[in-house]
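Asker: I have a structure here, written as C-alpha cells, and I will follow up with some questions on it.
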Amino acid sequence: MRVEPAGAVAAVEIENSRYLPSLVCLDDDGRLLTGRAAVQLAAQRPERAEQHPKRALLRQSAVLLDDREVATADLAAAVLARAAEEARARCGGTDPGRVVLTHPADWSPGDLDRLVEVAGRAGLDAPELLPEPVAAARFHAANISANASANISADASANAPADGDGPIAVYDLGGGTVDTAVLRREGGGYRAVAVAGDPDFGGRDLDQALFELLRDRALDLDPGPWQQLWADPAPAAAHQRAQLARELTLAKESLSSTGTVYLAVPGYPEPFVVQGGEYRAAVTPALTASVGLLERTVARAGLTPAELGAVVLCGAASRTPPVADLVAARLGRIPDLAADPKAAVALGALTDPPAPADAGTATGIHAEGAPEAGSGRWTVAHYPDEVDPELWL
Ligand SMILES: Nc1ncnc2c1ncn2[C@@H]1O[C@H](COP(=O)(O)OP(=O)(O)OP(=O)(O)O)[C@@H](O)[C@H]1O
Ligand SMILES: [Mg+2]
C-alpha cells in the first residue's frame, strides 16, 4: 500500500497483481521464496512449502520444510519483507513513514508480540497495530456514501435509519477464517465490544465444497480418471492437481457473479458443469453457521440488530451470494458489502477514524491508540496472511 502525494491510498502491484500469495516455499539454496515463484515451486515440491504462515506463526515456533527447520517468524517475515521491498522500489527507495499492521481482534498480547517480532525481522520497526474490524469500520465510515447496499432480496425498509455514530457490526469472511465484531464509537475511534470468530472456516472451505461437487460428478461418470489423477505421484500429475485447485478457486469466485461454471478435469473428454444453485445449496449450511456467529456477537454486545448503525461485510469471500441474503434474513438488516471487500481492512488501516458527530471540526483524534498520520511516502498495511488466497498490502 502506498500513500500518494495527494494523500490517496493506492495498492502496490506485485507481479501485476494487487495481491501477494502468503504461501512461502524453500528453494534449493535454502532461500525462502514468496509470490509466484513460491506457488510454482510448491506445486512441484509441496513438502517444502508452508501454505499458512500466519496460522503456523501462532501455533509453533518452527516448521519442517523438507528436512530443514525454519522459524515461523521467518516465514511470515519473508512475505512482509517482499511486500516492503516492492513498495520501497516504487517509492524511490524511501523507507515507510508509517507501518500499520492489522490483526484479528481477538489476538492475545503474546500474539501481538509475535507480530511485532515478525515486522522487525522484515526490517519494519515500530509498527502500529490495529484490529481488523476497527480498520473495516474506518473504511466503511469513510466510504459510507459510496457504499451501495448489497444486492439482495430483502426489503430495504427492513434497514434501520443510517446512524453514522451507531455501533457497527463487522462480518469478515476471508480465506481461512471468519471473524465477527461489534464496535462502538468512542471518543474519536472505534472500540470492539464483542468479538467472535471461527479460525477453521473460510473461503477455502467453499473451494472444498465445490471440489466435492466436482468429485461426485466425476466419480458418477467414470471413477477411473479421477482416481488416477489423485493417486499418481509423478510431478506432471502434481502439476495437474495444482492447476485444478487454482481453477476451482477461480470458478468459485466467478460463481459470485455468474450462474454456471465449466471445469475441465484431466482424463475426461468434456468439462463438468456446475450450476450456481447447486453450489449455493452446498455452501448455505456452513455460511448460515457463520452468520449465526454474527448474531451471537451482536447479542453479546447487548444490542439488537435494529440498534446497529450498520452491518458491514468484508473479506473477499463475503461476496459469495448467500452471505448477504443470510445476514438480511437472520438480522433483518440489509448489510453493506464493502466497496472493495478484499481490501477494506488494508485500506481502512490507512484511513483516519471519522470525527465524532459532536466534535465539530476536531481533527487528529485517534482514540484507538493509533498515532497521527505520518508524513512518509508509503505505508505497509496488513499482516502476513494465510492462504492460497493472498496477502493484501
Ligand atoms: N468474488 C469472490 N467471490 C467469492 N469468494 C471470493 C471472491 N474473490 C475472492 N474470494 C475468496 O476470498 C478468500 C480470500 O479472502 P481475503 O483476501 O479477504 O482473505 P484473507 O484476509 O487473505 O484471509 P483471512 O482473513 O482468512 O486470514 C479466498 O478464499 C478467495 O478465493
Ligand atoms: Mg482477512
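Asker: When you check Ala77 against the structure, is it within 19 Å of Leu129 (Cβ to Cβ) and modelled with pLDDT of 95 or more, yes or no? Even if it seems obvious, please write down each step before you answer.
Answerer: Details: within 19 Å of Leu129 (Cβ to Cβ): yes; modelled with pLDDT of 95 or more: yes.
Spelling it out, Ala77 is indeed within 19 Å of Leu129 (Cβ to Cβ) and modelled with pLDDT of 95 or more.
Asker: Anything in the range 263-276 that is without any contact (Cβ under 8 Å) to a residue 12 or more places away in the chain and not charged (D, E, K, R)? List them, or say none.
Answerer: Keep residues of the range 263-276 that are without any contact (Cβ under 8 Å) to a residue 12 or more places away in the chain, which gives 269-271.
Passing the criteria: Pro269, Pro271.
Asker: Report those helices (runs of 4 or more DSSP H) wholly inside the range 1-112 carrying at least 3 residues which are away from ligand 2 (no atom under 16 Å from the Cβ) and open to solvent by less than 30 Å² (accessible area, probe 1.4 Å).
Answerer: Numbers: elements: 35-44, 53-59, 72-90.
The helices (runs of 4 or more DSSP H) meeting that bar are 35-44, 72-90.
Asker: A further question follows. Mind checking which residues of the range 318-349 are more than 10 Å from ligand 1 (Cβ to nearest atom) and closer than 18 Å to Arg204 by Cβ?
Answerer: Listed by number, the list holds a single entry, Pro322.
Asker: On the given criteria, is Arg191 in a strand (DSSP E or B) and open to solvent by 40 Å² or more (accessible area, probe 1.4 Å)? Walk me through it before giving the result.
Answerer: Numbers: in a strand (DSSP E or B): yes; open to solvent by 40 Å² or more (accessible area, probe 1.4 Å): yes.
Against the criterion (in a strand (DSSP E or B) and open to solvent by 40 Å² or more (accessible area, probe 1.4 Å)), Arg191 qualifies.
Asker: What's the number of the condition Ala355 fails, among (1) open to solvent by 40 Å² or more (accessible area, probe 1.4 Å); (2) at pLDDT 95 or above; (3) of a type outside the set (Phe, Trp, Tyr); (4) part of a loop (DSSP other than H, G, I, E, B)?
Answerer: It is condition (2) that Ala355 fails.
Asker: Determine whether Arg300 is surrounded by fewer than 24 Cβ atoms within 10 Å (Cβ to Cβ) and within 12 Å of ligand 1 (Cβ to nearest atom).
Answerer: Values: surrounded by fewer than 24 Cβ atoms within 10 Å (Cβ to Cβ): yes; within 12 Å of ligand 1 (Cβ to nearest atom): no.
So Arg300 does not fit the description; no.
Asker: Mind counting the residues in the range 161-206 that are without any contact (Cβ under 8 Å) to a residue 60 or more places away in the chain and within 15 Å of ligand 1 (Cβ to nearest atom)?
Answerer: Total satisfying the criteria: 1.
Asker: Oh, and also: Does Glu247 fit the bill of being acidic (Asp, Glu) and closer than 20 Å to Val39 by Cβ?
Answerer: yes
Asker: Being within 15 Å of ligand 1 (Cβ to nearest atom), among the hydrophobic types (A, V, I, L, M, F, W, C) and open to solvent by 40 Å² or more (accessible area, probe 1.4 Å) is the requirement here; does Ala306 meet it?
Answerer: Details: within 15 Å of ligand 1 (Cβ to nearest atom): no; among the hydrophobic types (A, V, I, L, M, F, W, C): yes; open to solvent by 40 Å² or more (accessible area, probe 1.4 Å): yes.
Considered against the rule, which asks whether it is within 15 Å of ligand 1 (Cβ to nearest atom), among the hydrophobic types (A, V, I, L, M, F, W, C) and open to solvent by 40 Å² or more (accessible area, probe 1.4 Å), Ala306 comes out as no.
Asker: Taking the range 256-289, which residues are in contact with a strand residue (DSSP E or B) (Cβ under 6 Å, 6 or more places away or on another chain) and surrounded by 16 or more Cβ atoms within 10 Å (Cβ to Cβ)?
Answerer: Those that are in contact with a strand residue (DSSP E or B) (Cβ under 6 Å, 6 or more places away or on another chain) and surrounded by 16 or more Cβ atoms within 10 Å (Cβ to Cβ): Val261, Leu263, Phe272, Val274.
Asker: Kindly establish whether Asp232 is of a type in the set (Asp, Glu) and modelled with pLDDT under 95. Give the derivation first.
Answerer: On the way: of a type in the set (Asp, Glu): yes; modelled with pLDDT under 95: yes.
Yes: the conditions hold for Asp232.
Asker: What single numbered condition from (1) away from ligand 1 (no atom under 16 Å from the Cβ); (2) in the same structural domain as Arg204 (by TED's automatic domain parsing); (3) at pLDDT 85 or above fails to hold for Leu124?
Answerer: Only one criterion is unmet by Leu124, namely (2).
Asker: If you go through the range 94-109 one residue at a time, how many are closer than 18 Å to Val9 by Cα and not polar (S, T, N, Q)? Full working, then the answer.
Answerer: So the first thing to find is which residues in the range 94-109 are closer than 18 Å to Val9 by Cα, and the list is 94-102.
Adding the requirement that they be not polar (S, T, N, Q) leaves 95-101.
Adding up the residues that qualify gives 7.
Asker: Something else now. Would you confirm whether any residue within the range 253-274 is in contact with a Lys or Arg (Cβ under 7 Å, 6 or more places away or on another chain) and hydroxyl-bearing (Ser, Thr, Tyr)? First the steps, then the outcome.
Answerer: Of the residues in the range 253-274, the ones in contact with a Lys or Arg (Cβ under 7 Å, 6 or more places away or on another chain) are 256, 272.
Adding the requirement that they be hydroxyl-bearing (Ser, Thr, Tyr) leaves 256.
Checked against the condition, which is being in contact with a Lys or Arg (Cβ under 7 Å, 6 or more places away or on another chain) and hydroxyl-bearing (Ser, Thr, Tyr), the range 253-274 yields at least one hit.
Asker: State whether one or more residues within the range 210-223 are touching an Asp or Glu at 6+ places or on another chain (Cβ under 7 Å), at pLDDT 90 or above and either more than 14 Å from ligand 1 (Cβ to nearest atom) or open to solvent by 40 Å² or more (accessible area, probe 1.4 Å) (or both).
Answerer: Residues of the range 210-223 that are touching an Asp or Glu at 6+ places or on another chain (Cβ under 7 Å), as a first pass: 213.
From what's left, at pLDDT 90 or above: 213.
Next, only the ones that are either more than 14 Å from ligand 1 (Cβ to nearest atom) or open to solvent by 40 Å² or more (accessible area, probe 1.4 Å) (or both) stay: 213.
Yes; the residues of the range 210-223 include at least one that is touching an Asp or Glu at 6+ places or on another chain (Cβ under 7 Å), at pLDDT 90 or above and either more than 14 Å from ligand 1 (Cβ to nearest atom) or open to solvent by 40 Å² or more (accessible area, probe 1.4 Å) (or both).
Asker: On to the next question. I'm trying to understand the selection: among the residues of the range 164-188, which are closer than 12 Å to Leu308 by Cα, open to solvent by 40 Å² or more (accessible area, probe 1.4 Å) and not in a strand (DSSP E or B)?
Answerer: Selection gives Gly164, Asp165.
The values are calculated or read from the model by the stated rules, or taken from the named source; none is laboratory data. Bear in mind the structure is a predicted one, so any value in this text is a computation, not a measurement. Note that we place each Cβ from the backbone using ideal geometry, even for glycine, and neighbour counts take in every protein chain shown. Side chains are part of the model used for accessible areas, which takes the heavy atoms of the whole protein and leaves out ligands, DNA and RNA. Shrake-Rupley method; radii C 1.70, N 1.55, O 1.52, S 1.80 Å.
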